[in-house]
1. If you take the residues of segment A:76-108 that are in a loop (DSSP other than H, G, I, E, B) and open to solvent by less than 40 Å² (accessible area, probe 1.4 Å), which of them is nearest to the other protein chains (Cβ to nearest Cβ)?
2. For segment B:1-30, what are the residues that are open to solvent by 30 Å² or more (accessible area, probe 1.4 Å) and modelled with pLDDT of 95 or more?
3. Of all residues in segment A:136-153, which are open to solvent by 60 Å² or more (accessible area, probe 1.4 Å) and under 15 Å from the mean Cα position of the chain (by Cα)?
4. Touching a Cys at 6+ places or on another chain (Cβ under 6 Å), closer than 22 Å to residue A:81 by Cβ and β-branched (Val, Ile, Thr): does that describe residue B:39?
5. Do we have residue B:101 as out of contact with any Lys or Arg (no Cβ under 8 Å at 6 or more places or on another chain) and modelled with pLDDT of 95 or more here?
6. Quick check on my filter: what residues within segment A:42-65 are within 12 Å of another protein chain (Cβ to nearest Cβ) and open to solvent by less than 60 Å² (accessible area, probe 1.4 Å)?
7. Residue B:118: closer than 18 Å to residue B:22 by Cα, hydroxyl-bearing (Ser, Thr, Tyr) and in contact (Cβ under 8 Å) with a residue 12 or more places away in the chain, yes or no?
8. Is there a residue being touching a helix residue (DSSP H, G or I) at 6+ places or on another chain (Cβ under 8 Å), farther than 18 Å from residue A:31 by Cα, away from chain B (no Cβ under 14 Å) and open to solvent by less than 20 Å² (accessible area, probe 1.4 Å) anywhere in segment A:122-129?
There are 2 protein chains.
Amino acid sequence: MNDSSPLRVLGIDPGSRLCGFGVVDETRGGMTHIECGGIAPPARADLGRRLSFIYDEVTRLIAEFQPAVAAFEQVIYAQNVKSALVLGQARGAALLAVTHAGLPMHEYTPTQIKKAVTGYGRADKNQVAMMIQSLLNLPEPAMADASDALAAAVCHLSSYRYLAQTTEAP
Amino acid sequence: MNDSSPLRVLGIDPGSRLCGFGVVDETRGGMTHIECGGIAPPARADLGRRLSFIYDEVTRLIAEFQPAVAAFEQVIYAQNVKSALVLGQARGAALLAVTHAGLPMHEYTPTQIKKAVTGYGRADKNQVAMMIQSLLNLPEPAMADASDALAAAVCHLSSYRYLAQTTEAP
């Protein structure tokens, strides 16, 4: 990649019902929102079909937007063991699509993401959503899952920018 | 499928470190053990590679043994949310391989499996392993994960046999 080509990140936030995604570019001027939304597998389909739906949609997003890397939030918390299992299965399908597409994958803890986006590791969901709207010049706040996915992408770009700064020749 | 061709089931028991599998045929005479073992993704590989490993191995098993159907134990219990997430991700990878191979997938609760194998829904793991060894004429007990996968396959065949009996013309 030469200096002028943007670094494009696909942020993914798999939930038990909806899998949020967000595509963000970093250019010299800052970060640019490209796309965001949610992948909603048909609720009445069987488990295999729902996982397949997530896998296919993530594969399609990668083909369409050609990101250089994917960023996931590390799941630390779930309501209970049952919802953690459902979440894990959805996450497995999304991770597999990313791996099969040959994309490098990075995980960030919720605290890392909140800190990168708001400067404060214990910010609440609304504060993160407002900062994402402001940072990416969105006309309105993104819906929750998409906002979290954008936040993961922004976190990756912040870490990347920090690394690039610290490894630059003096 | 005609009456004389065996029904072949692939049982899968995804664990956080090892994913057990077992292949069982039903013929008119009873059930026959074809193969069993464990899929062990490289422990030091990153998450994407580990999930990919499970997906590839399940895909390979289906190509090699050509089962007609896959049977999974429904996970009800996990030590905690963290291990449920890890388990869910592994399960998602195995389920996706089954779905991508076009195999119908059935899930059974631990109680259904124990009851089908031992006649008692609250049997312990050792009792299940001993019954599996006896039912399938294994020279020695299968290792835990493989035994659980064989038990899921046996449970499916028992349900199938029961259904076949109850829907047969008088």
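The values are calculated or read from the model by the stated rules, or taken from the named source; none is laboratory data. Model, not experiment: these values are computed from the prediction. Don't worry about glycine lacking a Cβ; one is built from the backbone with ideal geometry, like all the others, and counts go over all protein chains shown. Note: areas computed on protein heavy atoms with side chains; ligands, DNA, RNA excluded. Shrake-Rupley method; radii C 1.70, N 1.55, O 1.52, S 1.80 Å.
1. A:78
2. Listed by number, the list holds a single entry, B:8.
3. A:143, A:144
4. For residue B:39, the condition - touching a Cys at 6+ places or on another chain (Cβ under 6 Å), closer than 22 Å to residue A:81 by Cβ and β-branched (Val, Ile, Thr) - is not met.
5. Yes; evaluated as a whole, the condition is true for this residue.
6. Correct list: A:45, A:47, A:48, A:51, A:52, A:54, A:55, A:58, A:59.
7. Values: closer than 18 Å to residue B:22 by Cα: yes; hydroxyl-bearing (Ser, Thr, Tyr): yes; in contact (Cβ under 8 Å) with a residue 12 or more places away in the chain: yes.
Considered against the rule, which asks whether it is closer than 18 Å to residue B:22 by Cα, hydroxyl-bearing (Ser, Thr, Tyr) and in contact (Cβ under 8 Å) with a residue 12 or more places away in the chain, residue B:118 comes out as yes.
8. yes
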